[in-house]
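To start, the structure under review is shown below, and the notes come after it.
The values are calculated or read from the model by the stated rules, or taken from the named source; none is laboratory data. Quantities reported herein were computed from a predicted structural model and do not represent experimental measurements. All Cβ positions, even for glycine, are placed from backbone atoms using ideal geometry, and neighbour counts span all protein chains on display. Heavy atoms of the whole protein, side chains included, go into the accessibility calculation; ligands, DNA and RNA do not. Shrake-Rupley method; radii C 1.70, N 1.55, O 1.52, S 1.80 Å.
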Amino acid sequence: MSQAAGDPLKVTGIDFLREQNTRLHRTGDYNNGSLIVRRGQPFELKLTLSRELNNNDNVTLQLSVGEKPMQSNGTLLSMKARSGQTDQPWNAKICQANGKECRIVVTSPADAIIGKYLLNVITGPSVYTPDKKFVYVLFNPWCEADSVFMPGDAERAEYVLNDTGYLYVGSTKMIRGRPWNFGQFEEDVLDCCMYLLDKSQLKPKAKKDPVIISRAMSALVNSEDDRGVVFASWSGKYTGGTPPLAWTGSVPILQQYYRTKKSVLFGQCWVFSGVLTTVMRSLGIPARSVTNFASAHDTEENLKVDIYLNENGGKMENLTTDSIWNFHVWNDVWMKRPDLPKGFDGWQAIDATPQEKSQGIYQCGPTPVNAIRKGEVYLPYDSKFVFAEVNADRVFWLVKNVDGKETYTKLREETKVIGKSISTKAVGKDTREDITGQYKFPEDSPEERKAVETACSYLQSNNLGICEVTPAPEPLKANLKLGMEGEKELWPGQPIELNLLITNESAGSWTVHLAASCQLESYTGKVEASLATIKQTVQTKDKAVNSIPLKIPADAYLKALTSVEDELLVNVNIIAEVQETNEKLTEELSLTFKYPPLKVEMADTAKINQDFTCAFIFKNTLCIPLENCKLHVEGLGIFTMETFDQGNIAPGGIFKSKIVCAPRRAGLKKIVAKLNSTQLKGITVEKIISITE
């Protein structure tokens, strides 16, 4: 029965025109039934009505966000679609009326509150709430008026829309790209971000601001203080949870957290960074994971990292509060900084790994990368800490026991070893981009010296006199060089066979007391085991090279290697004291383990919703058995993370695992697999497959 013109107007249905809106707003990849739009850009709704519109009918769209919506703080919005008021920040206008249908264009401001808005349509006394009643409003890097606007389609495609990438790990001399699935469009991921936004308890005005939101998320991605997403552990024992090295991406972590509301066990720096990149990209803030090699953790804010060695060259952990991590992974996010002086827009560093408290809780950033580069460390937030991570000096101290007292002798101070090969995934390519130049000027350039002087001038007010510029050391009378020859990469199960070298580059002979210590360490510099020490006195002749063999059987390190679930490396510290001149030299060298490859076999193309087979093959080419082998595989848009228990694999043994799957989404998709065992950690492989309609 049709309604007469005088009957009250009712809305009988809403079409969110998802296909059209999500294409224009670039939100079509989100696996979410609701409408997702970006702020500062219009979107359309199609209303079905109980009758044709009359001139005196009122149609009001009401959007509300948060627990207690109020007009006074912008969380309750009423837009009269027939008022012609398009000068309001949020406005709605009927753009087409055709019989019982009408189209309404809704425009949001470029600084709208980010969140999940409830939609109601009011027509006279009637209120209509659609089934899919929420509209998600995200940041808009495509909108010039949004403070996260990023010029360049390729950059936006990488830093906002790319759901896979790499986290760079290893050491300065051996950089490895570890594949990581960010998966910002997967089921429940955006809802988890919205839950975190609510959990942050930020005021409505703060939920417009990417500076405040990114800082809050750097706190919420770790579990400290606020029972956030990931629980940090470097213990080496990960029973009751997932070892940090087992994760292949952020999706299972965020899904588990959203479903249980409990922190997920366990994470280390690359996990925190991977999850934070996902959260930022999901909300629409351009983000990248960044790795700093030889990263300083300076606890005293004096730009010095003090390493204490005993008389054998072994690292003394009880004295060493500062540390140098082989690598540390944090994030850059892209935004304007209207809260700062001019010149600090663009990339900002944030870090979710809980290292040091900032304003009472474990959070870090955003600090402008340009402020780090220029040494402007007074700028918020946490720029002193990040500046030290890439610029601190490393100081070695020799600790001796003389007549029952500990004496400290400075062995050497190094100014160019921290903050190396700062890395991120390149735009549009699966290669590493070195962004060290964005964080610091070239070593020894006038600009670099000025930046360090600037930073010291701000640090000095806290630590008077500590930030003194170290004079260049006088040339050594005994011009000796310490080094090492032998394999820099080690197959687990093989003995460590090295030669320590003393090269005499001066004309003269010297008596050298040499001490060397070989230790097994984690990537954070934590000593897991001492493997060997050498003490020897060597006579060096003119221009000669002395070689001291260091041989460690595999049994000496395998027990320690298998006792922790982290990846370890071998570190060698050498101290040489020249008897005639009392000069002291020191050198630190490291060796990494290498592993047999994991292979993947599958077709290059597959069709949507049609089964295809993917096989993972591994051959143990080592001389030792591999125990408790677990294969973790994940393919975004194809299958969720699965774990295969492979048991033990004898030397020469082979396993082959198959997975049959039907892709749900078209496009280029990536399958990532990772193999962990008691002996080997984090063997990774990836393969791209093209899914067609």
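A few remarks follow.
- Selection status of Arg215, touching a strand residue (DSSP E or B) at 6+ places or on another chain (Cβ under 9 Å), crowded, with 19+ Cβ neighbours inside 10 Å, closer than 15 Å to Pro286 by Cα and among the charged types (D, E, K, R): yes
- Just one of (1) closer than 16 Å to Lys205 by Cα; (2) of a type in the set (Asp, Glu); (3) open to solvent by less than 50 Å² (accessible area, probe 1.4 Å) fails for Glu67. It is (3).
- Among the residues of the stretch 610-624, none qualifies, meaning not one is under 28 Å from Ile253 (Cα atoms), open to solvent by 20 Å² or more (accessible area, probe 1.4 Å), at pLDDT 90 or above and within 26 Å of the chain's Cα centre (by Cα).
- Qualifying residue in the stretch 555-568 (condition: more than 44 Å from the chain's Cα centre (by Cα), open to solvent by less than 10 Å² (accessible area, probe 1.4 Å) and either among the hydrophobic types (A, V, I, L, M, F, W, C) or at pLDDT 90 or above (or both)): no
- Subset of the stretch 658-693 (residues that are closer than 30 Å to Pro625 by Cβ and not in a strand (DSSP E or B)): Ser677, Thr678, Gln679, Leu680, Lys681, Gly682
- All conditions in (1) open to solvent by less than 20 Å² (accessible area, probe 1.4 Å); (2) at pLDDT 95 or above; (3) under 30 Å from Glu52 (Cα atoms) hold for Val105, with the sole exception of (1).
- Close contacts from the stretch 531-543, counting a first residue that is over 28 Å from Glu521 (Cβ atoms) and open to solvent by 80 Å² or more (accessible area, probe 1.4 Å) and a second that is in a strand (DSSP E or B) and among the polar types (S, T, N, Q), with Cβ to Cβ under 9 Å and a gap of 6+ residues or different chains, come to Gln539/Thr511; Gln539/Asn546; Lys541/Asn504; Asp542/Asn504; Lys543/Thr503; Lys543/Asn504.
- Verdict on Val189 being β-branched (Val, Ile, Thr), touching a residue at least 24 places away in the same chain (Cβ under 8 Å) and under 23 Å from Arg665 (Cβ atoms): yes
- Just one of the listed residues (Gln41, Gln71) is touching a His at 6+ places or on another chain (Cβ under 7 Å) and farther than 18 Å from Tyr128 by Cβ, and it is Gln41.
- Residues in the stretch 644-657 that are assigned to a strand (DSSP E or B), exposed (fewer than 14 other Cβ atoms within 10 Å of the Cβ) and either among the acidic types (Asp, Glu) or touching a Leu at 6+ places or on another chain (Cβ under 7 Å) (or both): Asp645, Asn648.
- Count of the stretch 72-117 residues which are farther than 30 Å from Ala216 by Cβ and either among the polar types (S, T, N, Q) or in a strand (DSSP E or B) (or both): 16
- Considering Glu634, Glu588, the condition of being within 30 Å of Lys315 (Cβ to Cβ), among the charged types (D, E, K, R) and buried (at least 17 other Cβ atoms within 10 Å of the Cβ) is satisfied by Glu588 alone.
- Where helices (runs of 4 or more DSSP H) fall entirely within the stretch 209-312, those with at least 3 residues that are out of contact with any helix residue (DSSP H, G or I) (no Cβ under 6 Å at 6 or more places or on another chain) and within 28 Å of Leu569 (Cβ to Cβ) are at 269-283.
- Filtered residues of the stretch 400-419 (kept if of a type outside the set (Ser, Thr, Tyr), over 12 Å from Asp306 (Cα atoms) and either without any contact (Cβ under 8 Å) to a residue 40 or more places away in the chain or surrounded by fewer than 19 Cβ atoms within 10 Å (Cβ to Cβ) (or both)): Lys400, Asn401, Val402, Asp403, Gly404, Lys405, Glu406, Lys416, Val417
- Some residue of the stretch 173-182 being assigned to a loop (DSSP other than H, G, I, E, B) and in contact (Cβ under 8 Å) with a residue 60 or more places away in the chain: yes
- Cys629 vs. criteria over 19 Å from Gly165 (Cα atoms), touching a residue at least 24 places away in the same chain (Cβ under 8 Å), open to solvent by less than 10 Å² (accessible area, probe 1.4 Å) and not aliphatic (A, V, I, L, M): yes
- Total residues in the stretch 128-170, condition in contact (Cβ under 8 Å) with a residue 40 or more places away in the chain, open to solvent by 30 Å² or more (accessible area, probe 1.4 Å) and β-branched (Val, Ile, Thr): 0
- Within the stretch 38-50, the set of residues being within 12 Å of Val11 (Cα to Cα), open to solvent by 10 Å² or more (accessible area, probe 1.4 Å) and not hydroxyl-bearing (Ser, Thr, Tyr) comprises just one member, Lys46.
- Here Val305 fulfils each of the conditions (1) open to solvent by less than 50 Å² (accessible area, probe 1.4 Å); (2) modelled with pLDDT under 90; (3) at positive phi; (4) not charged (D, E, K, R) apart from (3).
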